[in-house]
Each structure stands twice: as structure tokens, then as C-alpha cells.
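Participant: Take this structure, written in C-alpha cells, and hold onto it; I'll ask about it next.
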Amino acid sequence: MKIFIMTDLEGATGVAGNWSDFNPGGKEHEAARRFLTGDVNAAIEGAFEANVQEITVLDGHGAALSIILEELDSRAQLIRGRRINELEGLDETFDLMFAIGAHAMAGTPNGLLTHTLSHVGIDNIWLNNKPIGEIGLWAALAGDYNVPLGLVTGDLAAVREAKNLLGEIFTVAVKEATSRFAAKCLHPKVSHKLIREAARKTVENIDRFTPYKPEVPIELKVEYHDSERADRISERKNVIRVNGRTVLARGDKMLEVYSLLLH
């Protein structure tokens with residue numbers, strides 16, 4: 001069995017504050033990297049306890065240099081560096097996907113560091129006229145390869161979002177927002193135990209998960225923060241301008257519409 005692990009930094013154990021605190025150059029950057037690497041290692045350990053044969057981890061935050069390679073469980077392989085595709089390296093040979101370190105979509109009340117793909121460049125995204133966050137986008141992109149998303153870890157708002165969209169998947173809430181930039185956090189020893197157990201159970205119950213496939217034709221709509229990007233994207237073939245800052249695209253594959261609007 002092969003597992004693909006998508007990662008993000010905002011939803012990792014212990015990560016809070018503003019982006020300037022934990023992105024490169026911030027006073028909490030190295031601590032945040034350790035927190036995320038620890039969460040990922042816990043998921044890897046649990047998956048291998050359930051006899052997984054191969055794990056690929058994608059460093060999915062920002063410039064994709066957040067996971068500490070030398071501290072990562074050596075049984076997994078890591079994709080890092082600026083990627084071409086949102087789920088770089090994922091294909092139909094994988095059996096299951098985990099999302100470790102997830103956060104809730106832009107505008108979510110009681111969420112930590114809420115945004116969708118960019119907290120400065122994108123205001124909202126809709127999939128088939130329903131608001132969608134990164135968790136849903138990942139699930140739909142993986143659905144093109146028939147890979148189900150079975151485990152999500154992150155803040156409480158993120159895991160609620162995942163369950164509302166995907167049903168009875170496994171989740172671990174490693175913290176609960178007290179405001180957009182602060183959270184009540186579990187100790188890493190506690191969250192890592194929970195993540196390891198959830199990862200093992202997710203693999204053991206793989207037959208209960210189905211790939212997330214939005215109804216076709218898929219309509220993806222993006223509201224950018226400014227009109228300049230909408231000007232540029234709207235010049236692409238098969239992109240429709242909705243208003244000054246919003247564009248949409250329709251197609252039969254999530255990869256198709258995502259590439260038109262978000263690459």
C-alpha cells in the first residue's frame with residue numbers, strides 16, 4: 001500500500017501567531033518546522049504500524065521548505081522545493097492520502113490562520129457554487145487520481161470542515177483557535193500519540209473511504225484580492241470573467257479547472 005501525505009504549516013501542533021512569526025525569517029520559524037516534522041513523523045509511524053509499504057510526503061507550505069529532512073522518518077521520501085502542481089508527485093498508484101497540518105478556509109469563524117491558498121492574493125474560492133478551502137481542493141484533486149483523503153489533522157475548525165465535506169474520515173484536532181492568530185494547543189507528546197493512532201486506524205479502515213469527485217461539469221470560481229490578477233487569468237481560453245476580481249472555469253476534471261485559475 002502507498003500513502004501520499006500532503007502537509008501544511010498553519011495547522012501543525014503548536015503553530016500560532018502571524019505569518020511573519022513562523023515563515024522564513026520569523027522568530028518561530030525553526031520551532032514551527034520542528035512541530036510540523038513531528039506531526040508528519042507521527043502519521044508515518046502510525047501508517048507503518050498498519051503495514052504500509054511506501055510513503056511519500058509533500059512539503060506543501062509556501063516555498064515548500066518547511067519539513068526538516070534530516071529529522072523526517074527515514075522510511076518516507078520527501079518532495080520539497082517550489083512545485084508545479086498543488087499535489088506534486090501524486091498519481092493513481094497511491095491508495096490513500098493524509099493531510100497533516102491543515103487549516104480552515106478563508107472567512108471561517110473560530111478558525112486559526114484562516115485563508116485559502118493565499119492570505120494576501122485570494123479572497124474566496126467556490127467549487128460548484130459552494131465555498132471550498134484547501135482541504136476540499138486537495139480532496140478533489142486527489143479524486144482525479146481515484147485517491148481518497150482519509151485523515152486530516154489541524155486546528156478544530158479545519159477538522160470540522162473536513163468532516164462536513166467528506167463525512168466519516170479520521171481527524172485529529174491538535175489545537176483550538178481562541179482568535180485568528182492564537183490557539184489553545186495540545187502538547188506535542190499528546191498530539192503525536194493521537195496522530196499516530198489515527199493514522200494506523202485510517203490505514204486499517206481504508207475500505208470505508210471513497211475518492212471525492214465533484215459533480216460534473218465542475219465549476220471552479222475564484223475571487224482574487226485585486227483585479228490585476230483577474231485581468232491576466234481572464235485572458236486564458238475557457239475562462240469566464242464574472243466581475244472585476246472574480247473568474248470561473250468549467251470542465252470535467254478538477255485538474256483542468258484548477259490549472260486554468262490557480263496556476
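The values are calculated or read from the model by the stated rules, or taken from the named source; none is laboratory data. Computed from a predicted model, the values in this text were never measured in an experiment. A quick note on method: Cβ atoms are made from the backbone with ideal geometry, for glycine too, and the neighbour counts reach across all protein chains shown. Heads up: the accessible areas ignore ligands, DNA and RNA and are worked out on the full protein's heavy atoms, side chains in. Shrake-Rupley method; radii C 1.70, N 1.55, O 1.52, S 1.80 Å.
Participant: Name, by its number, the condition in (1) open to solvent by 50 Å² or more (accessible area, probe 1.4 Å); (2) closer than 30 Å to Ser259 by Cβ that does not hold for Phe181.
Facilitator: Exception for Phe181: condition (2).
Participant: For segment 177-186, what are the residues that are touching a Lys or Arg at 6+ places or on another chain (Cβ under 7 Å) and in contact (Cβ under 8 Å) with a residue 60 or more places away in the chain?
Facilitator: Taking segment 177-186 as the starting set, the residues that turn out to be touching a Lys or Arg at 6+ places or on another chain (Cβ under 7 Å) are 178, 183-186.
The answer is Ala183, Cys185, Leu186.
Participant: Considering only segment 138-147, how many residues are surrounded by fewer than 22 Cβ atoms within 10 Å (Cβ to Cβ) and not small (Gly, Ala, Ser)?
Facilitator: 3
Participant: Has segment 23-43 got any residue that is under 18 Å from Ile79 (Cα atoms), without any contact (Cβ under 8 Å) to a residue 40 or more places away in the chain and open to solvent by 10 Å² or more (accessible area, probe 1.4 Å)?
Facilitator: yes
The rows are residues; the columns are (1) surrounded by 16 or more Cβ atoms within 10 Å (Cβ to Cβ); (2) within 16 Å of Thr116 (Cα to Cα).
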position: Val159; (1), (2): yes, yes
position: Glu176; (1), (2): no, no
position: Pro188; (1), (2): yes, no
position: Tyr224; (1), (2): yes, yes
position: Arg232; (1), (2): no, no
position: Lys237; (1), (2): no, no
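Participant: Take segment 1-57 and flag every residue that is touching a Phe, Trp or Tyr at 6+ places or on another chain (Cβ under 7 Å), outside any loop (DSSP other than H, G, I, E, B) and not polar (S, T, N, Q).
Facilitator: Lys2, Ile3, Phe4, Ile5, Met6, His29, Ala32, Ala43
Participant: A further question on this structure: Looking at segment 197-222, which of its residues are open to solvent by less than 80 Å² (accessible area, probe 1.4 Å) and part of a loop (DSSP other than H, G, I, E, B)?
Facilitator: Keep residues of segment 197-222 that are open to solvent by less than 80 Å² (accessible area, probe 1.4 Å), which gives 197-200, 202-203, 205-206, 209, 211-212, 214, 218-222.
Of everything in segment 197-222, those that are open to solvent by less than 80 Å² (accessible area, probe 1.4 Å) and part of a loop (DSSP other than H, G, I, E, B) turn out to be Asn205, Phe209, Pro211, Tyr212, Pro214.
Participant: If you check Lys193, Lys189, which single one turns out to be over 20 Å from the mean Cα position of the chain (by Cα), touching a residue at least 24 places away in the same chain (Cβ under 8 Å) and part of a helix (DSSP H, G or I)?
Facilitator: Working: Lys189 fails: touching a residue at least 24 places away in the same chain (Cβ under 8 Å).
None of the others qualify; the one that does is Lys193.
Participant: Follow-up. Which number in (1) modelled with pLDDT of 95 or more; (2) open to solvent by 10 Å² or more (accessible area, probe 1.4 Å); (3) closer than 30 Å to Leu260 by Cβ marks the one condition that Ala99 misses?
Facilitator: Here Ala99 clears every test but (2).
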